[in-house]
Amino acid sequence: MLQSSHRLTVAMMPNLSHLAINGGAKAVKQALPPMYPGGMRVGAEEEEAVIEVIRSKRLFRYYGPNPGKSKTDELETAFSARIGARHALAVSSGSAALVCALIALGAGPGDEVIVPAYTWIASASAVLAAGAVPILAEVDESLTLDPADVARKITRHTRVIMAVHMRGAPCNMDGLSALARQHGIKLLEDVAQAAGASYRGAHLGSIGHAGAFSFQYNKIITCGEGGMVTTNDFELFRRTAMYHDVIGGIRNGVPPAKILPGVNLRMSELQAAVALVQFRRLDSLLAEMRQHNHALKASMADVSRRKGITFRKQNDAEGDTDICLVFYLPQPATAQRVVAALAAEGLPATVLHRPGYGDYHVYCNWLPIVDKRTWSVNGGPWRWHEGPVEYPRDQCPRTLDLLSRAVHIDISPDLTRENIEEMAAALNKVLDALA
Ligand SMILES: Cc1ncc(COP(=O)(O)O)c(C=O)c1O
């Protein structure tokens, strides 16, 4: 439903009757595909792969009636080769990947982990699950961690910087790697939204000490739920494997005197079978999204120049997955008017932050975290931390300002040429009139 205030404001402006929000013809006539890149491709190959696992009765990676290489092993081998990291460990979800990696990196009670103020809440929740506390840092125009603010947030308690490659695009890995090196801090890449992306020729997930991927249904490739940890460090791999499986230490040759307790966050063979088929689709999905996004952006070149509209900053445009198009308007109110008008044209778009709209991607809406709620009556991570840590809702004003002016549009690989043409027409029509 369009908010009446938008309709009113737009209606009061002169010469805008051609906009669909004012009763004009819609620019987008054909329905746009849903944004489940790998999910929409699930079909006969995934079906066959699952049936093969079921017929083999080998549902568990480590044993079953039929010997031979497991699907999970196969997935890990293929994934580590594609990502260019020496080791890959499949786990049950992206959250599991983050928790395993954080714990393997030694983050725990008393430690701080720097996370961006704009990420899915799961990034920060994983820090709490490891027993450490999240410290929030601003994002810059790339919508990823601003190294300058990270530098300001580093204390003697900082154990890990979590570089979240948000909305498919790489962080400033040179800046973050330099900080990590300089301060002897670990760098963990959250690649949940950016599988297959790169930074200056290096694949994301191979640059920091570890990478964490998600194969949840929303992600570029999916097996419903699933995840992967990648690392170049064998000892770190062994620690991750040991935590993700109660006898992972024994299975991975950790000396008995060094075995630590773990839990079970393993991937099943059924998940791995689907993920393996999806993995083979990764490069073509990326190529399609890139082509669509470039075409759409090119169509906006003239209007964006005339109207002073800026696109999301890219730390390495060539490495972007192009899962979305993001541009900034000068004022939050303009961004909201544009989004309402685009919706009326048939083009769903969102402003990335609106006060009062509780999107769990924006830190001030992470109520369980910013209110420091804990499961145990005696405190949890914040009590173990030396000194108070507070989360005022306005602590990252730059992030809130950028998000409240950012217009976001999904770029599905399934968009057709007609879709792109109609989307371009809607964008040009609305921005010309309202920006
Ligand atoms: C940036 C980010 N980190 C972590 C996660 C957690 O992944 P999962 O849902 O597989 O636990 C997600 C996705 O939901 C995410 O978008």
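The set of residues in region 270-288 that are touching a Ser or Thr at 6+ places or on another chain (Cβ under 8 Å) and surrounded by fewer than 23 Cβ atoms within 10 Å (Cβ to Cβ) contains only L286.
Here's the yes/no breakdown for (1) part of a helix (DSSP H, G or I); (2) touching a Leu at 6+ places or on another chain (Cβ under 8 Å):
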position: R238; (1), (2): yes, no
position: M242; (1), (2): yes, yes
position: G249; (1), (2): yes, yes
position: G253; (1), (2): no, no
position: A257; (1), (2): yes, no
position: P261; (1), (2): no, no
position: N264; (1), (2): no, no
position: Q271; (1), (2): yes, no
position: Q278; (1), (2): yes, no
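Condition check ((1) over 24 Å from the mean Cα position of the chain (by Cα); (2) within 30 Å of G201 (Cβ to Cβ); (3) modelled with pLDDT under 95) across all residues:
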| position | (1), (2), (3) |
| --- | --- |
| V303 | yes, no, no |
| A335 | no, no, no |
| V339 | no, no, no |
| T350 | no, no, no |
| R383 | yes, no, yes |
| L403 | no, yes, no |
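One line per residue, one yes/no per condition, for (1) within 16 Å of the ligand (Cβ to nearest atom); (2) under 21 Å from A275 (Cβ atoms):
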| site | (1), (2) |
| --- | --- |
| H183 | no, no |
| Q193 | yes, yes |
| H203 | no, yes |
| M242 | no, no |
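Those helices (runs of 4 or more DSSP H) of region 32-119 in which at least 2 residues are in contact with a strand residue (DSSP E or B) (Cβ under 9 Å, 6 or more places away or on another chain) and in contact (Cβ under 8 Å) with a residue 12 or more places away in the chain, considering only elements entirely within it, cover 71-83, 94-104.
Based on this model, can you work out whether A212 counts as assigned by TED's automatic domain parsing to the domain that holds F79, near the ligand (Cβ under 9 Å from one of its atoms) and in a strand (DSSP E or B)? For A212, the condition - assigned by TED's automatic domain parsing to the domain that holds F79, near the ligand (Cβ under 9 Å from one of its atoms) and in a strand (DSSP E or B) - is met.
Scanning region 73-122 for residues that are within 16 Å of the chain's Cα centre (by Cα), surrounded by fewer than 24 Cβ atoms within 10 Å (Cβ to Cβ) and among the aliphatic types (A, V, I, L, M) turns up I121, A122. The set of residues in region 123-147 being over 17 Å from L352 (Cα atoms), buried (at least 23 other Cβ atoms within 10 Å of the Cβ) and within 12 Å of the ligand (Cβ to nearest atom) consists of S123, A124, A126, V127.
Please indicate, with yes or no, whether at least one residue in region 359-367 is at pLDDT 95 or above, more than 16 Å from the ligand (Cβ to nearest atom) and not assigned by TED's automatic domain parsing to the domain that holds V191. Taking every residue of region 359-367 in turn, at least one turns out to be at pLDDT 95 or above, more than 16 Å from the ligand (Cβ to nearest atom) and not assigned by TED's automatic domain parsing to the domain that holds V191.
Within region 151-174, take every residue that is open to solvent by 10 Å² or more (accessible area, probe 1.4 Å) and of a type in the set (V, I, T) and give me the one that is farthest from the ligand (Cβ to nearest atom).
If we filter region 151-174 for residues that are open to solvent by 10 Å² or more (accessible area, probe 1.4 Å), which is where we start, we get 151-159, 167, 172, 174.
Then keep just the ones that are of a type in the set (V, I, T); that gives 154-155, 158.
On the way: I154: 22, T155: 24, T158: 20 Å.
Here the residue is T155.
P392 passes every criterion in (1) outside the structural domain of R290 (by TED's automatic domain parsing); (2) surrounded by 14 or more Cβ atoms within 10 Å (Cβ to Cβ) apart from (2).
The values are calculated or read from the model by the stated rules, or taken from the named source; none is laboratory data. Just so you know, these numbers come straight off a predicted model, no measurement behind them. Glycine gets a Cβ as well: all are built from the backbone with ideal geometry, and neighbour counts include every protein chain shown. These accessible areas exclude ligands, DNA and RNA; they are computed on the full protein's heavy atoms, side chains included. Shrake-Rupley method; radii C 1.70, N 1.55, O 1.52, S 1.80 Å.
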